[in-house]
1. Pairs B:172/B:239; B:172/B:250; B:226/B:388; A:28/B:20; B:250/B:340; B:259/B:388: which exceed 22 Å Cα-Cα?
2. Taking the Cβ of residue B:339 as the center, what net charge do the other residues with Cβ under 14 Å away carry, scoring Lys and Arg +1 and Asp and Glu -1?
3. 5 Å is the cut-off here: which amide hydrogens, built 1.01 Å from N in the peptide plane, fall below it relative to residue B:250, excluding neighbours closer than 5 in sequence?
4. Report the Cα centroid-to-centroid distance between the stretch B:1-59 and the stretch B:312-389 in angstrom, as an integer.
5. Around residue B:16, with a cut-off of 13 angstrom between Cβ atoms, what is the net charge of the other residues, counting Lys and Arg +1 and Asp and Glu -1?
6. Compute the FRET efficiency between residue B:57 and residue B:278 as 1/(1 + (r/R0)^6), taking r as their Cβ-Cβ distance and R0 = 35 Å, and round to the nearest 0.05.
7. What is the stretch B:281-347 by shape, rounded, prolate or oblate, if you read a ≥ b ≥ c off the alpha carbon gyration tensor as root eigenvalues and call it rounded for a/c under 1.5, prolate for a/b larger than b/c, and oblate otherwise?
8. Taking K and R as +1 and D and E as -1, what net charge do the other residues with C-beta under 14 Å from the C-beta of residue B:355 add up to?
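Every number in this text was worked out from the coordinates using simple rules, so none of it is lab data. Because the structure is a prediction, the values reported are computed rather than measured. In this analysis, Cβ positions are derived from the backbone assuming ideal geometry, glycine residues included, and neighbour counts consider all displayed protein chains.
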Amino acid sequence: MNKIVILVFSMLWIEAVNAQTVVPSNAKETCVVSLQLSMKNGLMEQ
Amino acid sequence: MTANGAVNPANSAQFSDANKCDFYKWASQMFLWLTSPGAEGYVFNSLGFFDISPSVNGQRFFITNPGPTAPGKMASNNNTYAVHSTKPRVPEVIGEFGQAGSTNGVLIPQAACSPTPCTSLVYYGVHVNNNYAVFATVLKEPLPVVPSFPTTTSVPARVFPKSTDTLMMELKTSWVDASIVNVADYLTINATVPKFIKVTDKKWTTSGTVTKKLALVGMHVVGTVKGHPEMVWATFEHKGNAPFDSYYYKNASDAVTKKPYSSAGNWTFMATNGTKASANIEMATVINDDIIATKGNTISASNTYIMNPWGSLPDSKNTKDVNNNTLIISLNHSVLKQLKSTDKRVNYIQTGAVWTDGTIPTFNNIPDTPLIGSTHLANSTLETYKQKDNCFSCHSINNQASAGVGISHIFDALQPGGRLP
């Protein structure tokens, strides 16, 4: 049981490691976008 | 916004190139639009786009995307993708000089061969939008030559019907067998891919095709915008692909901060704690549709890392590089925080984009045509073994008298067939 818990925790931790390390969370805010959302499906907009 | 919901495309025809951020914003808006749900699946897989066939005797063909299905449902038709190495082996318009990607290298994910036999290569698709297809079709007819890709919606009617605001777009996508990744974190699609049979550790042959669910690991988003016939060349990667080499960026306190290389954790193309010295080694190439191990190697998974983080040289404290790294990181944060955690696109990041002042680079004067943005940009899944180059190293023209459309390597090989309005 403990091994299963440790395994699951490890998998979650690994995912978290990747997510955190690829894009630093403390970068200076120099480029901000306001996404243009669509109320339709994307095909209708192309 | 709704998880996996629709995003509008950027307006390429009204594009403002006031600063670098504008280009990165254009790229991310386009990526999110391309991966938005369309009536037939993702937008890039809808009737507004064509798949492009692998080269057959130097010719490529438009492949119409699957027809309509119920909104939000994936089409039942399968896509046809090819392995990277089935790119034309005859000299391309410019490829015989730059040859970016033409080493015909084969990339195999870490988990694909454990246990054996190997279950996945990296598979590649090429796609263009309808504007590009119409332009390519019309230009093949005996009409006045348009030397470069249009950067406006209106060009002489005899040459080119009015296009939509997305202008010319060309995409290249990279995929792995979805069974080797956590599929919940990936955009997926069904596709027909070449089937390979192991003959020895050093040789695999092809035998027909097999249908697979594929998971997206990379995408080049390339297109013209107002004033830029050279196209903006942007690329996106799944966050779990490969670690970055070390780089510097500015933190919220404006302090230059080092982000060291780290391969800890789980990566699709790098062993946990794998070293840079062991990485980016081409283990196999394709020769005459067979996969052949390179000298001293067996056909196997290999380690990969991103040599030029955010398209800048590694470990560079150069102000231009630090600022550019910071811009792209900031842009990614801005995008990601607007997506719900359950949106699969939250797992993809833009790793950079590159363009010029509007001049189409020639092969002979690349140093004289300053590149702007991520000037050392490559995708770890698309140019794994050519990361020392950048997009324009190969996608350039012979000289300024050459047709500007030569920056697109598929253009000359394409046979007319784009859908005319």
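1. Numbers: B:172/B:239 18 Å; B:172/B:250 31 Å; B:226/B:388 29 Å; A:28/B:20 15 Å; B:250/B:340 26 Å; B:259/B:388 20 Å.
Checking Cα-Cα distances, B:172/B:250; B:226/B:388; B:250/B:340 exceed 22 Å.
2. +3
3. Here the answer is A:28, B:257, B:326, since their amide H atoms fall under 5 Å of that of residue B:250.
4. That distance is 17 Å.
5. +1
6. Step by step, r from the Cβ atoms, then E = 0.35.
7. oblate
8. Values: positive: B:20, B:25, B:226; negative: B:17, B:22, B:230, B:357.
Surrounding charge for residue B:355 is -1.
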